[in-house]
Amino acid sequence: MASEERVTAEARGALVHLPRQADAEPLPDPRQSDVDEWGRSEHTRQLARRLYEPLYKSWFRVEWEGLEKVPTDGGALLVANHAGAIPSDAPVIMHGIEQELQRPVYGLADNIFRAAPVVGTLWARAGGVAAHPENAYRLLREQQQLVLVFPEGTKGPGKLYSERYQLRRFGRGGFVEIAMRAGVPVIPIAVMGAEESMPIVYKNNFLARTFGLPYVPLTANMLLLGPLGLIGYFPAKFKLRVLDPVHFDVPPDQERYSRSRIMDEAEAIRVRLQDNLYDMLRQRRSVWFG
Amino acid sequence: MGRRVLVTGLSTFWGGRLAQALEKDPDVDVIVGLDTREPRVELERTEYVRADQSYSILNRIVRATQVDTVLHTFLIVDSTRMSGRALHEINVIGTLNLLAAAGAAGSPVRQVVVKSSTLVYGSSYEDPVWFREEMTRRHSAKTRVERSLLEAESYLHDFAEDNPHVVVTLLRFSNVLGTDIITPTSKALQLPAVPSIFGFDPLMQFVEEDDVVRCLEFVMREQVPGIYNVAGDGRLPWSEVAAICNKRLWPLPPVLTRFAAEPLNRLGIELPPEMLDLLRYGRGVDNRRLKRAGFQYGYTSAGAVDSFAQASRLRRTVGDSRPAYQYERDVENFFRRSPAVVKNE
C-alpha cells in the first residue's frame, strides 16, 4: 500500500504537465459477490469454518504450541510438513490460525488443483492459491498476508505409512527465495497427527501415470471404510508446534539471491522441523490421545 | 504544428471509434484512415483511403501523407470473424508491411502505437493471478489468433530496436465490454443462458470500451513508450458476470468441452478455443504500469460489465437506437472538398 502511494506520487512528479487530480475518487465497483482477486470468498470461508470446527475441536482435538510466534500483522511465510493421502494439515493450520488470530491464511497448492473441476473452484473459494512465485510475492510483499506453503510438495503426502515423519526434499528452496524477495520471515510449523489420519499403505504408479496424478494411493481408511475412506479421517490427535521465525537479513526485491545461501537456509529449516518432529514423537504416548 | 496520424482498420469498431475521437482533438491536423472496406461511422475530416496493407502501397501512403504517428488498431482478436488464413494475413503480414513502411529510410514516422491483446498471455492452470508486462506464457500458443498476435508483437520488438528514434507503444487490452462493442464474450452474455464450463468459475477481467479509446489517445498525446496492459481493476467470477447481466449459466461438460461446444458453433454460438480456455482458467493482468504512467481508468472490471448490462437492457427495450451509417464517397468528397461548403472554424 505504502509503496503504491509512493509510486503514484513519483509518476505525478515526473509528468509535470498532467493536471494534478484531487485524489481520484474510487471508481464505482458494482460487485455482487465477495470473491477477491485470489478467488477467496469470506462467505465460503465462514461456511468452511463452521463445517470444520467440529472436526478440528472434537475429532482431531488440535493443540497448538507457540502460536504467539505467528505475527498478528505483517506478512509471513508459514512452512509446514505435509502428510496424509488427502492432507488434513492444510485445513487444520488455516482453520486454527484464522480462529485463534482472526487473520486470513492463504494456502499455496500445486497448480494442478486449478485444472480439477469443482475441487479447484472450491479450494480457491476456501483460500487456496496456486503456488506461483508471483502470487506468493504479491500476497506477502504487497498485501502483507499470511501464506502457508508445504515445501515438500506432493512428495510429502504421497509417501507410504512406513516412511511417516521422514521429511522429503524441500523442493529447490524456492520458499526461502520468495521470503527473501518479499522481505518476510519464514515461520516453520511442525505438524504431528496428519500422517496417521489417512495413512497410505499402497501406491499404484501405473494409475498415477495414466491419469497424470502425482500419486494414486490405497489408504488404510479405504480398506476399513470402503469408498467412505476417501473422506473419513482416523481420529489421530493433532499437535502443532510453531518454531522460532527465521529472519533473513538480506534486502528485499533483489533480482537474484545467492543459491548456496538459499539452499543452506532451506536445509536448516528442514533439519529444525525434522528435529522437532522427532522430539514431539518422543513425547507422544498414543497416536489417538497424544 | 499539429500531428498527422495514420489509423489502420478504419472500418473496424476501434478504427472508427478512434478516428472520431481524434477529430475532436485540435492538436491533430490530419487523420488518414486505412481500410479495404468503407468506414461504418460518420467522420468529419478523416481521410479514408481504400487500400490493403501491402508494403508498396503503405510505403507510398506514409511518404505522401508525411504522417508522424501510426495507430495500428487493425489487429484481429476475435477469431470467429474470419478464417485462420485471413487472420494471419491481417495480423502478421499486415503488421509486417506497416512496420516496414514506417521504418523505411527517410520515414517521417515518430510514434507507433499497436493495439494488441492480453490473449498473448494465454490462459492455463499454471498462470499467475496477475500477469505483468515482462512475463511470458509458460506454454507456446496453440490457437491461431494467439500465435498471430505474438508474431505481430515480435515484429514490433524488432522495429523498436531498429528505430530508436521512434516512440513505440504496445498496448495489450484485456477483454472489452461496453455499450456498443460486439465480441464473443458479449454475444455469450446475451444468450438466454450463458455458456460456462461445469466445475469452473474463472476470475475474469474486463476493460470498458471508452477506456480503450481514451487509453489509445492518452499514449499518443503523452508519447509514452513501452508495453502496457490495459484492463480494469479487479477480477470477478464468471458466475458473477452472468449475475450482473441477470443471466443463468449453462454449463458445458468439463471433459471433451470442445466437442460439446461444436453443435453450439453450428447454431451460431461461437466459442473459439481461446474463449473455452478463458472460461476454464480466466486471466488477470497487472494494470499498474499504465496507471503509474498517468492514465486514469473510468471503469473497474465489474464497472465494465455493469456498463454492458445497462446498455443491453436499454437495447432490449428500445432496440438499436442509432441509425445505420452508409458511407457515400461522393457525398463525403463534396463535404470535404467543395468550395460551396462553409467551414465554420
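Yes/no per residue for (1) in a strand (DSSP E or B); (2) β-branched (Val, Ile, Thr); (3) within 29 Å of A:ARG138 (Cβ to Cβ); (4) open to solvent by 50 Å² or more (accessible area, probe 1.4 Å):
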position	(1), (2), (3), (4)
B:THR95	no, yes, no, no
B:ALA100	no, no, no, no
B:ALA104	no, no, no, no
B:SER107	no, no, no, no
B:VAL112	yes, yes, no, no
B:LEU119	no, no, yes, no
B:PRO128	no, no, yes, no
B:THR136	no, yes, yes, yes
B:LEU149	no, no, yes, no
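If B:ALA311 satisfies all but one of (1) open to solvent by less than 20 Å² (accessible area, probe 1.4 Å); (2) in a loop (DSSP other than H, G, I, E, B), what's the number of the condition it fails?
(2)
Looking at the stretch A:133-156, which of the residues that are of a type in the set (Asp, Glu) and within 13 Å of chain B (Cβ to nearest Cβ) is most open to solvent (accessible area, probe 1.4 Å)?
A:GLU142
Of the residues that make up the stretch B:173-189, is at least one acidic (Asp, Glu) and under 30 Å from B:ASP27 (Cβ atoms)? Spell out how you get there, then give the answer.
To start, the set of residues in the stretch B:173-189 that are acidic (Asp, Glu) comprises B:180.
Cutting the leftovers down to under 30 Å from B:ASP27 (Cβ atoms) gives us B:180.
Yes, the stretch B:173-189 contains at least one residue that is acidic (Asp, Glu) and under 30 Å from B:ASP27 (Cβ atoms).
Based on this model, can you work out whether A:LEU67 counts as surrounded by fewer than 16 Cβ atoms within 10 Å (Cβ to Cβ), modelled with pLDDT of 90 or more, more than 14 Å from every other protein chain (Cβ to nearest Cβ) and over 30 Å from A:ASN204 (Cα atoms)?
So A:LEU67 passes the test.
What number goes with the only condition from (1) modelled with pLDDT under 95; (2) within 14 Å of chain A (Cβ to nearest Cβ); (3) over 13 Å from the mean Cα position of the chain (by Cα) that B:ARG144 does not pass?
Looking at each condition in turn, B:ARG144 falls short on (2).
So how many residues does the stretch A:98-110 have that are crowded, with 20+ Cβ neighbours inside 10 Å and within 12 Å of chain B (Cβ to nearest Cβ)?
3
When the residues of the stretch A:113-136 are narrowed to those that are in a strand (DSSP E or B) and small (Gly, Ala, Ser), which ends up farthest from the chain's Cα centre (by Cα)?
For the stretch A:113-136, the residue satisfying everything is A:ALA130.
Matching residues to (1) in contact with a Leu (Cβ under 8 Å, 6 or more places away or on another chain); (2) closer than 26 Å to A:VAL129 by Cα; (3) assigned to a strand (DSSP E or B):
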{"residue": "B:VAL194", "(1), (2), (3)": "yes, no, yes"}
{"residue": "B:PHE200", "(1), (2), (3)": "yes, yes, no"}
{"residue": "B:ASP210", "(1), (2), (3)": "no, no, no"}
{"residue": "B:LEU249", "(1), (2), (3)": "no, yes, yes"}
{"residue": "B:VAL255", "(1), (2), (3)": "no, yes, no"}
{"residue": "B:LEU271", "(1), (2), (3)": "yes, no, no"}
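Scan the stretch A:125-169 for residues that are of a type in the set (Asp, Glu) and out of contact with any helix residue (DSSP H, G or I) (no Cβ under 8 Å at 6 or more places or on another chain) and jot them down.
A:GLU134, A:GLU152, A:GLU163
Might you check whether a residue that is part of a loop (DSSP other than H, G, I, E, B) and away from chain A (no Cβ under 14 Å) occurs anywhere in the stretch B:327-336?
Yes: one or more hits.
In the stretch B:299-308, what count of residues is obtained for those that are open to solvent by 10 Å² or more (accessible area, probe 1.4 Å) and more than 7 Å from chain A (Cβ to nearest Cβ)?
Summing the residues that are open to solvent by 10 Å² or more (accessible area, probe 1.4 Å) and more than 7 Å from chain A (Cβ to nearest Cβ) in the stretch B:299-308 gives 1.
Identify, from the list B:VAL285, B:VAL318, the residue that is open to solvent by less than 10 Å² (accessible area, probe 1.4 Å), more than 9 Å from every other protein chain (Cβ to nearest Cβ) and either in contact with a helix residue (DSSP H, G or I) (Cβ under 6 Å, 6 or more places away or on another chain) or at pLDDT below 95 (or both).
Values: B:VAL318 fails: open to solvent by less than 10 Å² (accessible area, probe 1.4 Å).
Unique residue meeting the criteria: B:VAL285.
Taking the criterion of being in a loop (DSSP other than H, G, I, E, B) and farther than 30 Å from B:ILE269 by Cβ, would at least one residue in the stretch B:6-22 satisfy it?
Checked the stretch B:6-22: no residue is in a loop (DSSP other than H, G, I, E, B) and farther than 30 Å from B:ILE269 by Cβ.
If B:GLU222 passes every condition in (1) within 12 Å of chain A (Cβ to nearest Cβ); (2) over 23 Å from B:LEU6 (Cα atoms) but one, which one does it miss?
Here B:GLU222 meets the rest and fails (2).
The values are calculated or read from the model by the stated rules, or taken from the named source; none is laboratory data. All figures in this text were calculated on a predicted structure; none of them were measured in a lab. Quick reminder, even Gly has a Cβ in these numbers, built from the backbone with ideal geometry, and neighbours come from all protein chains shown. Surface accessibility is based on the protein's heavy atoms, side chains included, excluding ligands, DNA and RNA. Shrake-Rupley method; radii C 1.70, N 1.55, O 1.52, S 1.80 Å.
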